[in-house]
Amino acid sequence: MSGEKTFILDGKPIAFEDGDTIMDAALRAGEYIPHLCHNPEFTPHGSCRICMVEVDGRQVSACTFPAAEGSGVVNDSDQLTAQRRSLLQMLFVEGNHICPGCEKSGACQLQAVAYYTGMLALDFTHFFPRRSVDASHPDAVIDFNRCILCELCVRASREVDKKNLFSISGRGINSHLVIDSPTGKLGDSAFAATDKAMHVCPVGAILPRHTAYNTPVGKRLYDRQPVNMVGDVAGYEETDER
Ligand code: SF4
Ligand code: FES
């Protein structure tokens, strides 16, 4: 349309508004760019690198890079897909993502993006970390073995719940999620079932209690449609009754 600012994504013109990132404009236009740490409801974080695209030949993260008039963006290429598969594999081996035994299977974004990119056998050795499970809260369980450090719960608690209950501590392989409470346990924090932070975890790290297997495996969110068809927000919700 005349007067509209656009950039070209894989050959298609995408309209954008001032202040949009490439991800904002692409999702609004119904174009899927694989992502894990991005949720349009929160400040972009740019940490998982799954959304890397090429802008005029240079790799940038689509969730943080501003859309620019006339730029050429590549999202769909063999090289980017291979790179995304490698990053996903690293997430799988670094945590204990044993899908058949995880309550989030079928509604897990990590699993869904892995399917979308065609990730199959792992090329890296499993770490099999032994991290704790925090079952101290009456309404939620945190399995630290599955945390991918996306900071979605951190941002949800800070930006929406206004509680600032979560943060990431440590560096590199020692990075881990910590809870702000006198004991470090979720049950001694101000966390509540109604918190936004309860509903944004893209993997099975923060799991609500009392709802396990309400929706049978095979009928869950990504069992019914691939991640690129789900839309930009639904995929973050823990519920799959959509
Ligand atoms: Fe992300 Fe979930 Fe870990 Fe929070 S608990 S940082 S939402 S993976
Ligand atoms: Fe862009 Fe994670 S979605 S870096």
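The values are calculated or read from the model by the stated rules, or taken from the named source; none is laboratory data. Quick caveat: nothing in here was measured; it's all calculated off a predicted structure. Ideal geometry is used to build each Cβ from the backbone, glycine not excepted, and the neighbour counts take in all protein chains shown. Ligands, DNA and RNA are stripped out before the accessible areas are found, and what is left, the full protein with its side chains, is counted by its heavy atoms. Shrake-Rupley method; radii C 1.70, N 1.55, O 1.52, S 1.80 Å.
Taking a quarter of the surface of the convex hull around the Cα atoms of the chain, what do you get in nm²?
13.7 nm²
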statement: Going residue by residue through segment 56-64, the Karplus relation 6.51 cos²θ - 1.76 cosθ + 1.60 with θ = phi - 60° gives ³J(HN,Hα) values, rounded to whole Hz and with x marking Gly or Pro, of 6, x, 10, 7, 9, 8, 4, 6, 10
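More than 12 Å apart: what percent of Cα pairs in segment 155-199 qualify? Working shown, then result.
Details: 604 of 990 pairs.
For segment 155-199, the fraction of Cα-Cα distances above 12 Å is 61 percent.
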task: Could I have the simple spin-label model distance between residue 71 and residue 190, label points 7 Å from Cα toward Cβ, reported in nm to one decimal?
output: 3.8 nm
query: Out of residues 5 or more away from residue 21 or on other chains, whose amide H comes under 5 Å of its own, with H placed 1.01 Å from N in the peptide plane?
result: 67
query: Expressed as a fraction of 2.2 N^0.38 Å, the rule-of-thumb size for a compact globular protein of N residues, what is the C-alpha radius of gyration of segment 43-85?
result: 1.13
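If the convex hull of the alpha-carbon atoms of segment 61-101 is projected onto planes in all directions, what is the mean projected area in square nanometres? Don't skip to the end; give the middle numbers.
Values: hull surface 17.4 nm².
Over every viewing direction, the Cα hull of segment 61-101 projects on average to 4.3 nm².
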- request: Using only Cα positions of segment 1-68, each an equal point scatterer, no hydration layer, compute I(q)/I(0) via Debye at q = 0.14, 0.19, 0.20, 0.22 Å⁻¹ and quote the log10 values to two decimals.
  value: -0.37, -0.68, -0.76, -0.92
- prompt: Taking only protein heavy atoms and a 1.4 Å probe, what accessible area per residue, in Å², does the chain have with all protein chains in place?
  reply: 48 Å²
Tilt relative to the chain, helix 78-94 - C-alpha long axis, 0 to 90 degrees, to 10: 10 degrees
query: If amide H atoms are built 1.01 Å from N in the plane of the peptide, which residues on other chains or at least 5 residues away come under 5 Å of the amide H of residue 140?
result: 209
query: How far apart, in nm, are the 7 Å Cα→Cβ label points at residue 28 and residue 99?
result: 3.4 nm
task: Go from 0 up to the bin containing the longest alpha carbon distance in segment 48-166, width 10 Å each, and give me the % of pairs per bin.
output: 11, 33, 33, 19, 4, 0
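Of all the accessible heavy-atom surface of segment 92-171, with the other protein chains kept in place and a 1.4 Å probe, what percent is carbon and sulfur? All intermediate terms of the calculation are to be shown ahead of the outcome.
Numbers: 2160 of 3870 Å².
Taking all protein chains in place, segment 92-171 shows 56 percent carbon and sulfur surface.
At 222 nm, what helix-only mean residue ellipticity would the chain give, in deg cm²/dmol to the nearest 500, using -39500 (n - 2.57) for each DSSP H run of four or more?
On the way: 6 runs with 45 residues, N = 242.
Rounded to the nearest 500, it is -5000 deg cm²/dmol.
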- request: Quote the relative contact order of the chain in percent (integer), defining contacts as alpha-carbon pairs under 8 Å separated by 6+ residues.
  value: 19 percent
Residue 174 versus residue 82: modelled label distance in nm, points set 7 Å from Cα along the beta carbon direction: 3.6 nm
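Using a Cα distance threshold of under 17 Å, what count of lysine pairs results for the chain when pairs must be 8 or more residues apart or interchain?
Values: 104/219; 162/196; 163/185; 163/196.
Within the chain, the lysine pair count is 4.
Report in % the part of the accessible area of segment 1-90 that belongs to carbon and sulfur, leaving out ligands and nucleic acids; probe 1.4 Å. Working shown, then result.
On the way: 2100 of 4210 Å².
Carbon plus sulfur share of accessible area: 50 percent.
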field: Solvent-accessible ranking of 17, 54, largest area first, probe 1.4 Å
entry: 17, 54
